[in-house]
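Okay, structure first, notes after.
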Amino acid sequence: MSNERTERGAVARSRRVVVKIGSRTLAGDRAVYERLASAIDKARKAGRAVVLVSSGAIALGTKKLGYRARPKEMARLQAAAAAGQSLLMRAYEEAFETHGIPIAQVLLSHADLANRDRANNARAALSALLDAGAVPILNENDSVAVEEIKFGDNDALSSMVVPLVDADLLVLLSDVEGLLDANGKRVAVVRDVVKEAAPLVREPTDASALGTGGMASKIEAARRATLAGANVVVADARVSGVIDAVLAGEDVGTLFVAATKRLTAKKHWIAFTLRPRGDVILDRGAALAVRAKGRSVLPVGVLGIRGDFRAGDAVRVLDPDGVEIGRGLARYPAIDAAAVAGKAGDEVGVERGELVHRDELVVW
């Protein structure tokens, strides 16, 4: 209990907070906009900076355009997103205006964050907005980002925003009280996401992702955010004063404790933002050296290459059994990597040293 009290105390001391709220919560209660504005107003008066990640555009646009249900065709999904975004921001504008708080719309696609220069530009813009006293309201740019509608979600986006704004707390607001155990009882604290939380989710998982949609998506977002050094709380948005309670360090929702060994912003970007373009398969000795000793990936230990990646692309690093042990940035393209696979240093040449350098490699 003393550990939990200390951990909740760390949540109460958070200075930069990302709050994410989903479509279902927004659609179920129009008063939620005012509750959010009021809670964020209190947080700001306590000296905290707050970034809001909000879904809801497609749901609002579906109704505005007269669709009977959420469209399945991509063009209509994009149309609904475009039509609903203005309604979403109008609702937030009205709610925050009563508290004298300026807001700013920021639409992002995966491509914006996957490109290092564009991600740094987004970081600078968000920092400037916070310095100006505004509350940035982020959403995926669903009206143009085809892949994001089909595969993305704002749980994932919120976890990517954490290192982007150097947040020390992520609050994922849901329509459940938190992560539930096998008996349906709320889990108060999770200190190891993979060991303690993943087994409670029914969706299939692998070493690098815990699934998408529902609680699985929130657990994966929590894993990513905790590795960026932030605490994460999953809590019930329907409970009055829930954000106030979280920020006060009260025992509400499920607290995912920040990892003691955090990833740098660059390594977090490599691990969770970039999409791998190929695979590098290692022999057992090389896999052990990478996994246990923190070594770089050298050509001599490579059994094979899959995919058509270029220099600078992200690649998965696999052991001989096909198990992913990490992800990193390739230093030269697949065709060159395949040509030197299995060769020792004197056969490779100076220009073909490490295929993946340890400074650009994340080991699971």
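Here are some notes:
- Residue ranking by accessible heavy-atom surface, 1.4 Å probe, largest first, among H99, H268, H110 comes out as H99, H110, H268.
- Accessible area per residue for the stretch 1-74 is 53 Å², calculated with a 1.4 Å probe on protein heavy atoms, without ligands, DNA or RNA.
- Approximate spin-label separation R16-E324, in nm, with each point projected 7 Å along Cα-to-Cβ: 2.7
- Accessible area of the stretch 180-304 belonging to carbon and sulfur atoms, whole % at 1.4 Å probe: 52
- R295 - accessible surface, heavy atoms, 1.4 Å probe, Å² rounded to 10: 120
- Scaled against 2.2 N^0.38 Å for its residue count N, the alpha carbon radius of gyration of the chain is 1.05.
- Cα-based helix-to-principal-axis angle, 116-131 vs the chain, degrees rounded to 10: 30
- GNM flexibility winner over the chain from A46, A337, A59 (Cα, springs under 10 Å): A46
- On Cα atoms only, tilt of 74-97 relative to the major axis of the chain in degrees: 50
- Each eigenvalue of the Cα gyration tensor of the stretch 1-144, multiplied by 5 and square-rooted, gives one semi-axis; in descending order these are 28, 19, 16 Å.
- 0 to 90° range, to nearest 10: angle between helix 2-12 axis and the chain longest Cα axis: 70
- Of all DSSP beta bridges in the chain, antiparallel share, percent nearest 5: 40
- G307 long-range amide H proximity, modeled H, under 5 Å: D279
- Rounded to two decimals, the Cα-based Rg/Rh of the stretch 4-68, with Kirkwood Rh, is 1.12.
The values are calculated or read from the model by the stated rules, or taken from the named source; none is laboratory data. If you're wondering where the values come from, they're calculated on a predicted model, not measured in any experiment. When we count neighbours, we look across all protein chains shown, and the Cβ atoms used for this are built from the backbone with ideal geometry, even at glycine. SASA here: full protein model, heavy atoms, side chains in, ligands and nucleic acids out. Shrake-Rupley method; radii C 1.70, N 1.55, O 1.52, S 1.80 Å.
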